[in-house]
Amino acid sequence: QVQLVDSGGGLVQAGDSLRLSCAASGRTFSSYAMGWFRQAPGKEREFVAAISKSGGTYYADSVRGRFTISRDNAKNTVYLQMNTLKPEDTAVYYCAARGGYASTDPRSYDYWGQGTQVTVSS
């Protein structure tokens, strides 16, 4: 089993940057694909980015070129570097873990962090 703790959210202005972190417990972190999802008020949870066990990365069209997902297996941590933030990026961001391949479907993930709020003002 994996426990995930999200951190790094905050209130920023449009154009600013933030880096989210997700720390995982356990000694098998490297065997999990990791994803970042977000949920805005009144909207469904949506895919943001994912990284496979081997480091392959995948992005939603809305964030490609602005966000970067990475992982440090030695630190059991996955990151989401968010640049050129926009007001429409405002949401609660969640990291998630699953065995197997990276996926864009939140329903396929087994473990979830508690979420961290990102608010981007215009």
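The values are calculated or read from the model by the stated rules, or taken from the named source; none is laboratory data. If you're wondering where the values come from, they're calculated on a predicted model, not measured in any experiment. All Cβ positions, even for glycine, are placed from backbone atoms using ideal geometry, and neighbour counts span all protein chains on display. Just so you know, the surface numbers come from the protein's heavy atoms only, side chains and all, with ligands and any DNA or RNA stripped out. Shrake-Rupley method; radii C 1.70, N 1.55, O 1.52, S 1.80 Å.
Normalised by 2.2 N^0.38 Å, where N is the number of residues, the alpha-carbon radius of gyration of the range 35-78 equals 1.27. For the pair the range 56-83 and the range 18-44, the centres of their Cα atoms are 10 angstrom apart. The trypsin sites (Lys or Arg not before Pro) of the range 40-122 meeting both criteria, a DSSP state outside H, G, I, E and B (loop) and at most 15 other C-beta atoms within 10 angstrom of the site's C-beta, are Lys43, Arg66, Lys75. Binning all Cα-Cα separations of the range 45-114 at 5 Å, short to long from zero, yields these whole-percent fractions: 3, 15, 28, 29, 17, 7, 1.
A dipole drawn for the chain from +1 and -1 charges on Cβ atoms has a positive end, and of Asn73, Gln13, Tyr101 the residue lying farthest that way is Asn73.
In whole angstrom, how long is each semi-axis of the equivalent ellipsoid of the range 1-47, when you take the square root of 5 times every eigenvalue of its Cα gyration tensor and sort them from largest down?
Working: eigenvalues 122, 45, 17 Å².
For the range 1-47, the ellipsoid semi-axes come out as 25, 15, 9 Å.
If the label point is 7 Å along Cα→Cβ of Thr57, which residues in the range 3-23 have backbone nitrogen under 16 Å from it? Once the point is set 7 Å along Cα→Cβ of Thr57, 17-22 turn out to lie under 16 Å by backbone N, inside the range 3-23.
Here the accessible area is traced with a 1.4 Å probe on the protein chains. For the range 2-122, carbon and sulfur cover 46 percent of it.
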